[in-house]
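Working notes for the structure below.
The values are calculated or read from the model by the stated rules, or taken from the named source; none is laboratory data. Remember, it's a predicted structure, so these values are computed and weren't measured experimentally. Here the Cβ positions follow ideal geometry from the backbone for every residue, glycine too, while neighbour counts run over all protein chains shown.
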Amino acid sequence: MDTPNFYSQDERRPMMPCRGQIHVVKAGDTLYKLAKQYDVKLFDIMRLNPYVNVYNLQIGDELCIPTMPSRPERTYVVNEGDTIQRVLEAFGMEFEELARWNPMLFEVELPEGMILRVPLIQPRDEDDMFEDYEDDMD
């Protein structure tokens, strides 16, 4: 019974498919430099290359670099008196973007008795506005 060959012929290490981009190590390369160059986490490079001696990279070594950049995020601890509007202004973003990073914002309970204003007529699409304008021109 044949068993699958998980080892390369020239080295005794498993051949694993790279789920990313192959980088051939050059003089001066370090994992830290590569993580910065490719905008990925150092840990992710190490995780994808368990059979490479990451502390002694050799010129010509092939490393699998993840293709997804690390999420460019930071945290903000809400202070007393903060409002969503203040946070949006402080970071220069729209509510939709903040909510995409923090889906729990859609679950925030509104205080009982709070009065909300909602429009009677929903905003129109731009295309509809032009159609009405063209009808008036006839």
Next on the checklist: Which pairs turn up if I take residues in region 81-97 that are over 14 Å from Val108 (Cα atoms) and among the acidic types (Asp, Glu) and look for partners that are modelled with pLDDT of 90 or more and surrounded by 12 or more Cβ atoms within 10 Å (Cβ to Cβ) with beta carbon separation below 8 Å, at least 6 apart in sequence or on another chain?
Outcome noted: Glu94/Leu88
Checklist outcome for this item: Picked from region 26-73 (must be small (Gly, Ala, Ser) and under 19 Å from the mean Cα position of the chain (by Cα)), the residue modelled with the lowest pLDDT is Ser70
Item to check | Single match in Thr67, Thr83 (criterion: polar (S, T, N, Q) and within 19 Å of Pro17 (Cβ to Cβ)) | outcome: Thr67
